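To keep things clear, I will list the structure first and then write my remarks on it.
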There are 2 protein chains.
Amino acid sequence: MRVSLRDVAAHAGVSVKTVSNVVNDYQHVTPAMRARVQRSIDALGYRPNLAARHLRKGRTGIIALALPELGNPYFAELAAAVIDSAAAHDYTVLLDHTGGRREQELLVCRGFRARVIDGLILSPIELEAEDLGDRAENVPLVLLGEREYDLPYDHIAIDNVAAARAAVRHLIGLGRREVAFIGARRGRSEPAQLRVRGWREELTAAGLPSDAGLVAATDGWGHADGEAAMIRLLDSGRRPDAVFAYNDPMAIGAMRALHARGVRVPEDIAVAGFDDVVEGRFAAVSLTSVSPDKEAIGRLAVESVLARLGGRTPAPRRVRAGHRLAERESTLGRAGAFGAPGRDT
Amino acid sequence: MRVSLRDVAAHAGVSVKTVSNVVNDYQHVTPAMRARVQRSIDALGYRPNLAARHLRKGRTGIIALALPELGNPYFAELAAAVIDSAAAHDYTVLLDHTGGRREQELLVCRGFRARVIDGLILSPIELEAEDLGDRAENVPLVLLGEREYDLPYDHIAIDNVAAARAAVRHLIGLGRREVAFIGARRGRSEPAQLRVRGWREELTAAGLPSDAGLVAATDGWGHADGEAAMIRLLDSGRRPDAVFAYNDPMAIGAMRALHARGVRVPEDIAVAGFDDVVEGRFAAVSLTSVSPDKEAIGRLAVESVLARLGGRTPAPRRVRAGHRLAERESTLGRAGAFGAPGRDT
């Protein structure tokens, strides 16, 4: 049988109102009283009716999270971070899968399910700034990811240019002089792609080439795209001594191509990726990668949505989550004995 | 401005009722009329108000999907299949992350958000049959995954015993005689784990050993668990000539351990996994794996939920989705030139 507020009150020897105050986390409860009620809650296994709590505030308790592709482990790990962070605020997450298609992203933004959600977290791929201009304002929107928009919405992201520069600087520091980029998006201007920009800036600053022959554009961002791009680069006659890939799946696809061609990683070509997904740590040659603080991104996104509920309208913020470079065998080699986790800078 | 039914009717020169019939997919509309209205819908960019459509039927248009871990690519790929299949029925998916914890699975099952969802798809890990016995029946529940329950709920799964036997048969057919199993769950009786059972049945039928020394139990099911289990097996003095892992991340973790120890795959030890996640295809040595038909599992799960809405209560069904064995380099070697996709049986 379901344990009620009344049962908890009787067990703790306090009023129902006091239990309600504790459950709803009101401030005017002494720590001692809070502890006493909490002991009864634990003893009886009481669970507050979250849906009812949200409804009393005119909310649904649901945040929508719209991601381009769940098959990419970065987004799966990010989704887990958002779900866990939302749960800590008694929120649940409705997951949307846009496929990175503009039409689907538009649909999500225009609030086609506004009645069911309290807020929306979107990681856009194709969406343009003007698509968001005429958006109804009733549901808070928080943007994630590499694209930058000059729009009055919170945007949570790492500093993609600085992160890309750190990865390229690491490769240059190892003595590499021909650093290719895999995963420039076909049909997308370079300034829109911050990682390409960071790659070029760092090479230019070092007086090293960053010409078009070192850039492999792709249509997609999966393992197979990275593999195919690496093969095209090798067949182009150009022989880079390092590769920086837009993301880890593409870097792993590139390593597969190099392995198949008998090119050694990192002796002949060093490889660095972006996202630090689990898979890269367990590649036969473990992958050096830019590691965004996914937990922070998920947490900041949820907090940004919640900060806009209840009529509060803080000024739009651009929030930077942290990143670091996880250095592993694909650039350092196996000098570190097996099991060495790699230096993290 | 939002395009209305009325706008579409005016554009097509038909009544609002006719447009409504087309939008709601009623049968008594001629193909010619349907095409005429559809042309106006396309021309004006009309979007039906899905939420309103569901509400008229007393539904929310939301199915909850509760999975143990999104970080495991199998579940991420499965989630994408469920989301896509739900979208085809104008349904959206609310994603839950149980962490495989019994308490969280219980919470999900007992319908703590019954007011927001029309149905629940759950892939349980820890849940016991008695936990589901006292469940309120108002929201249809469909179970996924390896665990078998004697309960009146639809259950969508592949034949895990047959699939495991096929993988082990493949290894035996290649001349392997000491086939280890990685990923038996600590503290879980063997009959509850169909893949261990299939492994043992096939070895027994072939007159080969399947003693406890060949089974590596683990607490978790990730890459690191597979790596650690493989190291324990190698250090135990037992030297298997093949390994069958509970899932692909564990198989990839095991391959990483073998690579680090200088053990060749498949020459010294052949490795087979389960789930056929994208990552396995791009390992330095591509992974042989049991490939469940994830698209079918996602589709059948959504269809099972929808079949129980609207007062229809078909008898509970155990639905088998298909599987095949994707044979790749980790068992066949590199005999097939690079790029050969491997035989699929």
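From the list B:Val243, B:Val265, B:Val290, B:Val271, the lone residue that is in a loop (DSSP other than H, G, I, E, B), of a type outside the set (Ser, Thr, Tyr) and buried (at least 20 other Cβ atoms within 10 Å of the Cβ) is B:Val265.
Conditions tested, residue by residue: (1) touching a strand residue (DSSP E or B) at 6+ places or on another chain (Cβ under 8 Å); (2) at pLDDT 95 or above.
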{"site": "B:Glu146", "(1), (2)": "yes, no"}
{"site": "B:Pro152", "(1), (2)": "no, no"}
{"site": "B:His155", "(1), (2)": "yes, no"}
{"site": "B:Ile172", "(1), (2)": "yes, yes"}
{"site": "B:Gly175", "(1), (2)": "no, yes"}
{"site": "B:Ala180", "(1), (2)": "yes, yes"}
{"site": "B:Trp199", "(1), (2)": "yes, yes"}
{"site": "B:Leu203", "(1), (2)": "yes, yes"}
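Which residue pairs have Cβ atoms under 8 Å apart, sit 6 or more places apart or on different chains, and have a first residue in region A:208-220 that is touching a residue at least 12 places away in the same chain (Cβ under 8 Å) and a second that is among the acidic types (Asp, Glu) and in a loop (DSSP other than H, G, I, E, B)? From residues that are touching a residue at least 12 places away in the same chain (Cβ under 8 Å), the pairs are A:Leu208/A:Glu178; A:Pro209/A:Glu178; A:Leu214/A:Glu178. In region B:214-227, of all residues being closer than 15 Å to B:Phe244 by Cβ and small (Gly, Ala, Ser), the one that is surrounded by the fewest Cβ atoms within 10 Å (Cβ to Cβ) corresponds to B:Ala217.
Is it fair to say A:Ala272 is modelled with pLDDT under 95 and closer than 27 Å to A:Gly175 by Cβ? In short, no.
The residues of region A:206-229 that are within 23 Å of the chain's Cα centre (by Cα), away from chain B (no Cβ under 14 Å) and of a type in the set (D, E, K, R) amount to a single one, A:Asp219. For residues that are more than 20 Å from the chain's Cα centre (by Cα) and either at pLDDT below 85 or under 23 Å from B:Ala64 (Cβ atoms) (or both), scanning just region B:289-333, find the one that is nearest to the other protein chains (Cβ to nearest Cβ). Residue satisfying both the conditions and the ranking: B:Leu309.
The single condition among (1) farther than 22 Å from B:Met250 by Cβ; (2) touching a residue at least 12 places away in the same chain (Cβ under 8 Å); (3) in contact with a helix residue (DSSP H, G or I) (Cβ under 9 Å, 6 or more places away or on another chain) that A:Ser304 does not satisfy is (3). For region A:176-192, filtering for residues that are touching a residue at least 40 places away in the same chain (Cβ under 8 Å) and over 22 Å from A:Ala257 (Cβ atoms) leaves 1. Looking at region B:59-177, the helices (runs of 4 or more DSSP H) lying wholly inside it that each contain 2 or more residues that are within 14 Å of chain A (Cβ to nearest Cβ) and over 18 Å from the mean Cα position of the chain (by Cα) sit at B:102-109.
For (1) in contact with a helix residue (DSSP H, G or I) (Cβ under 9 Å, 6 or more places away or on another chain); (2) farther than 23 Å from B:Glu146 by Cα; (3) not charged (D, E, K, R), each residue gets a yes or a no:
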residue	(1), (2), (3)
B:Arg195	yes, no, no
B:Ala206	yes, yes, yes
B:Ala217	yes, no, yes
B:Trp221	yes, no, yes
B:Leu233	yes, yes, yes
B:Arg256	yes, yes, no
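Considering each of B:Asp134, B:Asp159, B:Asp90 in turn, give the residue that is farther than 20 Å from B:Arg185 by Cβ and at pLDDT 80 or above. Just a single option satisfies the conditions, and that option is B:Asp90. When B:Arg169, B:Arg135 are screened for being more than 18 Å from B:Ile297 (Cβ to Cβ), in contact with a helix residue (DSSP H, G or I) (Cβ under 9 Å, 6 or more places away or on another chain) and either surrounded by 20 or more Cβ atoms within 10 Å (Cβ to Cβ) or not assigned by TED's automatic domain parsing to the domain that holds B:Phe274 (or both), only B:Arg135 passes.
Based on this model, can you work out whether A:Thr204 counts as assigned by TED's automatic domain parsing to the domain that holds A:Val271, of a type in the set (S, T, N, Q) and touching a residue at least 24 places away in the same chain (Cβ under 8 Å)? It is false that A:Thr204 is assigned by TED's automatic domain parsing to the domain that holds A:Val271, of a type in the set (S, T, N, Q) and touching a residue at least 24 places away in the same chain (Cβ under 8 Å). A:Val277 falls short on exactly one of the conditions (1) at pLDDT 95 or above; (2) surrounded by 24 or more Cβ atoms within 10 Å (Cβ to Cβ); (3) over 22 Å from A:Arg177 (Cα atoms), and that condition is (1). Among residues that are out of contact with any Cys (no Cβ under 9 Å at 6 or more places or on another chain), touching a residue at least 40 places away in the same chain (Cβ under 8 Å), of a type in the set (Gly, Ala, Ser) and over 25 Å from B:Ile125 (Cβ atoms), B:Ala245 is not included.
Among the residues here, A:Ala51 qualifies as outside the structural domain of A:Leu144 (by TED's automatic domain parsing) and either at pLDDT 85 or above or within 27 Å of B:Arg135 (Cα to Cα) (or both).
Here B:Gly336 passes the criteria (1) at pLDDT 95 or above; (2) in contact with a helix residue (DSSP H, G or I) (Cβ under 9 Å, 6 or more places away or on another chain); (3) within 14 Å of chain A (Cβ to nearest Cβ) except the one numbered (1). Out of the residues in region A:245-275 that are more than 21 Å from A:Ala184 (Cβ to Cβ) and of a type outside the set (A, V, I, L, M, F, W, C), state the one that is nearest to the other protein chains (Cβ to nearest Cβ). Out of the qualifying residues, it is A:His259.
The values are calculated or read from the model by the stated rules, or taken from the named source; none is laboratory data. Just so you know, these numbers come straight off a predicted model, no measurement behind them. No Cβ is skipped: glycine too gets one built from the backbone with ideal geometry, and neighbour counts run over all protein chains shown.
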